[in-house]
Structure formats: C-alpha cells, structure tokens
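Novice: First, the structure itself, so that you have it in front of you.
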Amino acid sequence: MSVSTEHRLPRYVGAAFLVQFVTSLTAGLLSASVLTDGMPGVLTRIAEDPARIRVVVVLELVTSLAIFMLAALLYLMLRDTGPAVALAGLVLWCAEALLLALSMLGVWALLDRSVASAGVGVGSISSADTAVGTFAFGLYEHTGDLDMIFFAVGALLWYSLLLRSGVVPRWLAVWGLASVSLVLVATLMLVWDRSLQPSVVLYAAYVPFELVVGLWLLIRGDSRRSAEVPVEGAALHVVEGR
C-alpha cells in the first residue's frame, strides 16, 4: 500500500461509515410502519405502497455492500494493531453483510405475496398467502436478529482496536464500545424471546455513533497524525534555528 493511500485510508473508512449509516437509517425509517404487527396486515400495507418496499430492499442491499467495504477498510487500517482481532472483526462483519442481504429474501417474498393479493381486504387474504407471508416475515426477522449479533460482536472487536490504536480520540472509541454493548444485550434478548421487546433506550446511545465517527474520520483523518504535526513543526523550527 502506498504512503498516500495509507494516509487517506481513515477518510475512506469514514466515508464507508457514513454511506452505510445513511442507507441503513433511511431503510429503517421507510420500513418501520410497514414491516410490523404480523400477518395479514403486513401484506395489506405492502400492497398499498409496494414502491416503498422496493426502495427498502435496494437500500439494504447497498448497506450490505457498504458493510463489506467498511470491514475490508477497517481491516487494512487496524490489522497492525491486532492482526487476529482485525481478522475476526472482518469475518464477523462480512457474515453480517451476508445475513442482511439474505434477510431481504424474506422482504422480497412479502412483496411478491402482497402484489398477488393486491386489492383484497385484510380479512379476505387467503390462508396460503398468510402462511407464506408469515414464513417470509419470520425469515426477515430472525435473520435480522442473527445479523445484529454478528454486527455487535464484530463492532466490539473493531472499537477495541480503535481504542488501542489511537486512530480516533479515546472518548469516541469508549462511546462506541459502551453503546454497542447495550445493543448486544438488546439483541440477545430478542434472540432469546422476541416478546421481551427490549427498550429503545438500549439502542439510543449507539444510533448517532456511526455518524459521528464517520464524520470524524472523514474530516480529521488519523488522530495520531494530527498529533504529530505540532511535534514535526517544532523539530523543524529547532533545525532551522541552528
């Protein structure tokens, strides 16, 4: 890797953080009022606005690609800090991206069933469509839960490396570690029993983190290099003063 590319690598990581943050958040906001409360209501709501779900699928697939890219860039940036940990983080986030893409198969099946039953009232949707829809919705939900486990464990590894490396300020890395730990707790609760419905408070602290760390890396780059500038300037001043 060339020196110039290595210097720009943190900014590439920041851009990847921002892309997947924006696409994931937008997809979540678009689907929140549609993919909820089970069958047959989900099929009816999708049939009323199928374009929205098509956009959600596209955005989530873009998010999946962005996660692959982000994981690869983080590995290149942090592998010298902890090779084994960075490799484990890479594998976990690649698995996350794959599971996210697979979960869209469930959403696509829901879209297919909703289009087939378009114009039919909630009480008139066939039992076959309801059964297929229930299976597809379960695939979407449970694959999404597993996806979040891979994400949270991988994030703990990546943010521990950020803390050790000093690429970002210590407070920012600690924020990531603490907030994603709460996300992991919430996800494990869902996997154990979806009826537990963990509080949104467990997710709230993490939501802005990716935006902040992405902007920090994109604008400031590697914090270690920023800290070296005054030292190098002082050394140059001493040499020139001789």
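Novice: Is the C-alpha gyration tensor of region 7-68 telling us rounded, prolate or oblate? Criteria: a/c under 1.5 is rounded; beyond that, a/b larger than b/c is prolate, otherwise oblate. Mind showing how you got there, number by number?
Specialist: Values: a/c = 4.01, a/b = 3.40, b/c = 1.18.
Prolate shape, in that a/c is at least 1.5 and a/b is the bigger ratio.
Novice: Right, something else. Please label the shape of region 3-241 as rounded, prolate or oblate, based on the square roots a ≥ b ≥ c of the eigenvalues of the alpha-carbon gyration tensor (a/c under 1.5 means rounded; beyond that, a/b larger than b/c means prolate, else oblate).
Specialist: prolate
Novice: Can you give the local net charge around residue 217? Use residues other than it whose beta-carbon is closer than 11 angstrom to its beta-carbon, Lys and Arg +1, Asp and Glu -1.
Specialist: Residues close to residue 217 contribute a combined charge of +1.
Novice: Taking θ as phi - 60°, what are the ³J(HN,Hα) couplings along region 67-77 by the Karplus curve (6.51, -1.76, 1.60), each to the nearest whole Hz, with x for Gly and Pro?
Specialist: Karplus-based 3J(HN,Hα) across region 67-77 equals 5, 4, 5, 4, 4, 5, 5, 4, 4, 5, 6 Hz.
Novice: Mind jotting down the distance between the C-alpha centroids of region 74-117 and region 49-72, whole Å?
Specialist: The two parts, judged by their Cα centres, are 10 Å apart.
Novice: While we're looking at this one, here's another question. Kindly write out, for region 152-160 in residue order, the coupling ³J(HN,Hα) from the Karplus curve 6.51 cos²θ - 1.76 cosθ + 1.60 (θ = phi - 60°), rounded to whole Hz, with x marking Gly and Pro.
Specialist: Taking θ as phi minus 60°, the curve returns 5, 5, x, 4, 4, 5, 4, 6, 5 Hz for region 152-160.
Each value in this text was obtained by applying a stated rule to the coordinates, not by laboratory testing. Because the structure is a prediction, the values reported are computed rather than measured. Backbone-built Cβ (ideal geometry, glycine too); neighbour counts: all protein chains shown.
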